[in-house]
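To keep things clear, I will list the structure first and then write my remarks on it.
The values are calculated or read from the model by the stated rules, or taken from the named source; none is laboratory data. Given the structure is predicted, the values throughout are model-derived calculations rather than measurements. Glycine also receives a Cβ, built like all others from the backbone with ideal geometry; neighbour counts cover every protein chain displayed.
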Protein chains: 2
Amino acid sequence: MDYDNLRELGQQLRVDAVRAADAAGSGHPTSSMSAADLMAVLLARHLHYDFGEPARPGNDHLVFSKGHASPLLYALYKAGGAVTDEELLTFRAEGSRLEGHPTPQLPWVDVATGSLGQGLPVGVGIALAGKHLDRLPYRVWVLCGDSEMAEGSMWEAFEHAGHERLDNLTAVIDVNRLGQRGPTRHEWDLDAYAHRIRSFGWHTVEVDGHDVAAVDEAYAEARSTALRPTAIIARTRKGRGVQAVEDREGAHGKPLPDAAEAIAELGGRRDLAVDVAPPPDVRAPHRAHEDLVLPHYETGDSVATRDAYGAALTALGAARGDVVALDGEVSDSTRSRAFAKDHPDRFFECYIAEQQLVAAGVGMQARGWTPFVSTFAAFLTRAHDFVRMAAVSRASLNFAGSHAGVAIGEDGPSQMGLEDLAMFRAVHDSTVLYPCDANQTARLMSAMTDRPGVNYLRTSRGATPVIYGPEERFQVGGSTVLRSSDADQVTLIGAGVTLHEALAAADRLAEEDIAARVIDLYSVKPVDAETLHTAADATGRFVTVEDHRPEGGLGDAVLEAFTDGRRAPRVARLAVRNLPASAGAERQLAIAGIDAEAIVGAARRLLAAGD
Amino acid sequence: MDYDNLRELGQQLRVDAVRAADAAGSGHPTSSMSAADLMAVLLARHLHYDFGEPARPGNDHLVFSKGHASPLLYALYKAGGAVTDEELLTFRAEGSRLEGHPTPQLPWVDVATGSLGQGLPVGVGIALAGKHLDRLPYRVWVLCGDSEMAEGSMWEAFEHAGHERLDNLTAVIDVNRLGQRGPTRHEWDLDAYAHRIRSFGWHTVEVDGHDVAAVDEAYAEARSTALRPTAIIARTRKGRGVQAVEDREGAHGKPLPDAAEAIAELGGRRDLAVDVAPPPDVRAPHRAHEDLVLPHYETGDSVATRDAYGAALTALGAARGDVVALDGEVSDSTRSRAFAKDHPDRFFECYIAEQQLVAAGVGMQARGWTPFVSTFAAFLTRAHDFVRMAAVSRASLNFAGSHAGVAIGEDGPSQMGLEDLAMFRAVHDSTVLYPCDANQTARLMSAMTDRPGVNYLRTSRGATPVIYGPEERFQVGGSTVLRSSDADQVTLIGAGVTLHEALAAADRLAEEDIAARVIDLYSVKPVDAETLHTAADATGRFVTVEDHRPEGGLGDAVLEAFTDGRRAPRVARLAVRNLPASAGAERQLAIAGIDAEAIVGAARRLLAAGD
């Protein structure tokens, strides 16, 4: 396509963005119009993509980090022959695949965007997969907004990509000067962006984003630049082409005031079809799939579940070539280091940059890899928005948060995962597992590996007794009843460290002739409602105990099983209500009131309250 | 203090760090030893501080962003005469103020650190307060680690401080080359850090961190540099001074193998006392405190609670000189723009950098200001770790999250706050409020303003009917019973948009001669247990309905009132269980099953199930 036609195509994309937003009555046409020429040139002259077969291994990847420019993306799909004009006008309508912000409901969208600052870090993940896992020549193109350059996650991405020399990655920055409520910090100071990005090891090109020849050259330069990712920093005008909105404040995130007039001003409708260049015919590498040999532990031994995590992860890596591990510079503590040692080519050190850490995992799963992402449970909160968006992306990936709860001891509250269960439970379609011993950890990791969605495993710092033999089976949505009799008067429910406290409490209560059922609720989500219902019917009284804040964790999970109109048992909930300081692990449990003694006391009080 | 003495002081700090960690049996002496000379020079020659009166307005602020170097901080306090040698050796012991990571249990600690990458952004907040609110000449000194330079939040801070020309801020970067599990990304490449930081508008000085004369000069240069913040990038050796650990891997985060030998190698114990320079005698500016005149709304009108937020915030700003507002470049949407217009000197635009946004608020409240921090509810998840740490800091600040739930309509799940209640409820000692109308919003904002701790107000995008008169009173921990009779068979509990659905459902049920109690549970935490107990006794059946994920929100809050062994009512929980796509607001409620029709259905099913 020659430059005249490219200019026409740019206008077509603008017209279609205006039409889509007008049909919807909402959306971001002006943010689409600034980037229209940039994307026209990319689609027609540099992208390699087969819209008919989005899973083709050689396909490039185009990520709209500025997801609100979705009308432009959908206009591109139309020009590329992937959607019809009719479907384009279903933008934002109920039931349409063309959502307000792009999601993988559309087969050409790798990951959902719309929370700014996420597309580039995810693009880094895809580019890492291209270089080090797939080892395929596809390129990753990420359209970024200028407002999102303020997000720290963007700089985690620039740092990671620069350091890894990801020359298969190009960031296209649409510097249209205007954010949601007025000018951006750097307005049209392209140098401000270029200096910063270059200092992180990138190649940069500054360009007039409406000069299709210059843009074309910039893409060519990006493609020919070796050993460095390239950022194309493009000066553009928001709302370009329509005087009523071009470079004007107050025109963000709404349809144009007069669509018909705007379309006329843009030269009317066009129906150019772009013959997008096909990808090279390449194949993804073979991924080994052998029998899994999980580590075994002897009952009676004391082993930290984080140690079992490291060992089982390594075993998974040996059996399955698709398993990869990522860590935030704490592999010594999470124990993912064991995997790094055995499978260095599938281990990714992300340093202390939890947002990039999670985004890299999201990018890799988009390419079909099976990531395990680990850091301290407390520090996964740093990436909460990325985990939330991973669910919107229908991503399948596994998280392991170590150093759960007050049981870590002296390090204090900054290092204690006390909100992680609440965070992961509230994620759409998530799975939350919290093992209490080493064999259970290994089994649950095997169970979570192929489970779709966001899966979370919570591990503990200190050693706990191995109570299950290696032959025991555990399933997502299951639980284990460890003490049970027809005489049970109360049910004690714990998981992880508190399960051991519950067992000790049951022993003490038995000395007082109080029979207590004990449930190991290792699957916090989904929860084993049936076993809980049975226990409620049998005992009528529950003590829940968790090394977590009282809100959103195990106690809430138990009660969730009784929100179908069923009668709930009487419940006493033990959880961490204090602000912990330094103390030894055992003392921390005692101070927080989640140890065996506290459980015994709570059970006694429940029983004393009568029926 | 001359250079010889400074070197001695550096050795003393090392010895004391080694002793403290040895007494504790844990801690980070090697990370302390690398920065000992840097801090010795700061304490003795550049810091202005009155340890006897930590609240003195002219005091400098010293923040250990690398909070794990707490033994060094406490050794400094000892050298400054603030803690005794005896107390120093209580490090990490139960009941000691000298926690594993610093917290404001110590009067000289402004904010808790220990989650890396937070001290510098908070320091930016204190420096902003110094320049624009306190207008006092104090300086902010932040000791940073090299590992934490990977955190995006650090670059949000560099960007914000550079752009704001905060020459009262100095970052001291302890480049000791070794992280937790091995070398950092840039090891001793000081230029790598300097290039990056300079590109963000800072002045940089590279220095040998063990050369006290050079360090002294660097501080002098920082103090005399106008219109730019300064970063002192110091090459240091982890574990400096003790051969067994100096610059060695595997020596992170543990006491020295032989403390006695190490102390001997460091030249033995010293007891130098530093006469820290006093701060200038200055006063913080007067803060107006006048009668609050809240906006009033007419019942029957339709007003979005976010509009009421903007108006009430502006009114609070007029009445109280201590109220400040911060926003993440969405003030147009959150409506904090109203405050910005009336009180531009107390409004802080933080652009799309939610971590720095929250950290700035934390820094300002440490100086006694009363911040209101606003962005979309969904994007507050970006700063989850900062909110978590704000609670550890015993910080008092207010958050407003707009665009709650599926009720925002077409924009889709990336923009919907669906996990925010779970996130804020799990924060220690937090308050969570969710008003349903404009007058209630204004009243609750007045109630939350002086409430200690982390306070969260959830606002809605769309207009809702004003159902309360301006004379109505609401309190934290309260609720309103809007429909009630002796014949009530079921209780409908909502808040925000779902409260209006609950009222409509009650009307429809009344047509079927089913009397329903309706509770407006605007205080999600603390929850009004008494009113819930009364309703449970009276009706025995609850329908909870929330525009939020089923986990961690209003439904869990209701059940929390029944975890003291009391009999819970039968409960049906309505919440957002689907992955929303685009649709209009009303349709979104219907699709998610949280509208009046769904409530009516749930109530009918509960009643049909019998007792």
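Of all residues in segment B:227-239, those being in a loop (DSSP other than H, G, I, E, B) and under 17 Å from B:VAL172 (Cα atoms) number 5. Here A:LEU143 clears all of (1) buried (at least 23 other Cβ atoms within 10 Å of the Cβ); (2) assigned to a helix (DSSP H, G or I); (3) in contact (Cβ under 8 Å) with a residue 24 or more places away in the chain except the condition numbered (2). Among the residues making up segment B:84-111, those that are within 9 Å of chain A (Cβ to nearest Cβ), crowded, with 20+ Cβ neighbours inside 10 Å and touching a residue at least 40 places away in the same chain (Cβ under 8 Å) are B:PHE91, B:ARG92, B:LEU98, B:GLY100, B:THR103.
One line per residue, one yes/no per condition, for (1) assigned to a helix (DSSP H, G or I); (2) more than 27 Å from A:GLU151 (Cα to Cα); (3) polar (S, T, N, Q):
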residue: A:VAL18; (1), (2), (3): yes, yes, no
residue: A:LEU38; (1), (2), (3): yes, no, no
residue: A:GLU53; (1), (2), (3): no, yes, no
residue: A:LEU73; (1), (2), (3): yes, no, no
residue: A:LEU76; (1), (2), (3): yes, no, no
residue: A:ARG97; (1), (2), (3): no, yes, no
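A single member of B:ALA251, B:ALA311 is outside the structural domain of B:ALA35 (by TED's automatic domain parsing) and within 35 Å of the chain's Cα centre (by Cα), and it is B:ALA311.
The condition (being touching a residue at least 24 places away in the same chain (Cβ under 8 Å) and more than 10 Å from chain A (Cβ to nearest Cβ)) is satisfied by just one residue among B:MET423, B:MET448: B:MET448. Selection of first residues in segment B:118-135 that are closer than 13 Å to B:ALA390 by Cα and of second residues that are of a type in the set (D, E, K, R) and crowded, with 23+ Cβ neighbours inside 10 Å, restricted to Cβ pairs under 8 Å at least 6 apart or on distinct chains, gives the following pairs, ordered by first then second residue: B:GLN118/B:ASP385; B:GLY119/B:LYS66; B:PRO121/B:GLU156; B:VAL122/B:ASP110.
If the condition is being closer than 24 Å to B:TYR456 by Cα, free of Cβ contacts under 8 Å to residues at least 40 places away in the same chain and of a type in the set (A, V, I, L, M, F, W, C), then segment B:575-604 contributes only B:ALA575. Where helices (runs of 4 or more DSSP H) sit wholly within segment B:458-567, those with at least 3 residues that are surrounded by fewer than 24 Cβ atoms within 10 Å (Cβ to Cβ) occupy B:497-511, B:529-539. For segment B:244-269, the tally of residues that are basic (Lys, Arg) and farther than 23 Å from B:PRO183 by Cα stands at 1.
Filter segment B:20-35 for residues that are buried (at least 24 other Cβ atoms within 10 Å of the Cβ) and under 22 Å from A:SER582 (Cβ atoms) and give the result. Answer for segment B:20-35, where residues must be buried (at least 24 other Cβ atoms within 10 Å of the Cβ) and under 22 Å from A:SER582 (Cβ atoms): B:ALA20, B:ALA21, B:GLY27, B:HIS28, B:PRO29, B:THR30, B:SER31, B:SER32, B:MET33, B:ALA35. With the condition kept exactly as written, say whether any residue in segment B:349-371 is under 20 Å from B:ALA129 (Cβ atoms), among the acidic types (Asp, Glu) and away from chain A (no Cβ under 12 Å). No - not one qualifying residue is present in segment B:349-371. When we screen A:GLY152, A:GLY114, A:GLY81 for residues that are at positive phi and facing chain B (nearest Cβ under 8 Å), the only hit is A:GLY114. The residue that is nearest to the other protein chains (Cβ to nearest Cβ), among those in segment B:322-348 that are of a type in the set (Gly, Ala, Ser) and either on the phi > 0 side of the Ramachandran plot or in contact (Cβ under 8 Å) with a residue 24 or more places away in the chain (or both), is B:SER331.
If you check A:LEU509, A:LEU532 for being within 14 Å of another protein chain (Cβ to nearest Cβ) and at pLDDT 95 or above, only one passes: A:LEU532. State yes or no: is A:GLU501 under 30 Å from B:ASP429 (Cβ atoms) and either within 14 Å of chain B (Cβ to nearest Cβ) or of a type in the set (A, V, I, L, M, F, W, C) (or both)? Spelling it out, it is not the case that A:GLU501 is under 30 Å from B:ASP429 (Cβ atoms) and either within 14 Å of chain B (Cβ to nearest Cβ) or of a type in the set (A, V, I, L, M, F, W, C) (or both). The set of residues from segment A:112-138 being within 15 Å of A:VAL63 (Cα to Cα) and part of a loop (DSSP other than H, G, I, E, B) comprises A:ALA112, A:THR113, A:GLY114, A:SER115, A:LEU116, A:GLY117, A:GLN118, A:TYR138.
Selection of segment A:192-207 for residues being within 15 Å of B:ILE197 (Cα to Cα) and not hydroxyl-bearing (Ser, Thr, Tyr) yields A:ALA192, A:ALA194, A:HIS195, A:ARG196, A:ILE197, A:ARG198, A:PHE200, A:GLY201.
Would a scan of segment B:552-559 turn up a residue that is within 32 Å of the chain's Cα centre (by Cα) and more than 9 Å from chain A (Cβ to nearest Cβ)? Looking through segment B:552-559, at least one residue is within 32 Å of the chain's Cα centre (by Cα) and more than 9 Å from chain A (Cβ to nearest Cβ).
Against the conditions (1) surrounded by fewer than 24 Cβ atoms within 10 Å (Cβ to Cβ); (2) more than 29 Å from the chain's Cα centre (by Cα), A:GLY52 satisfies every one except (2).
Checked against (1) surrounded by 24 or more Cβ atoms within 10 Å (Cβ to Cβ); (2) out of contact with any Lys or Arg (no Cβ under 8 Å at 6 or more places or on another chain), B:PHE347 meets all criteria but (1).
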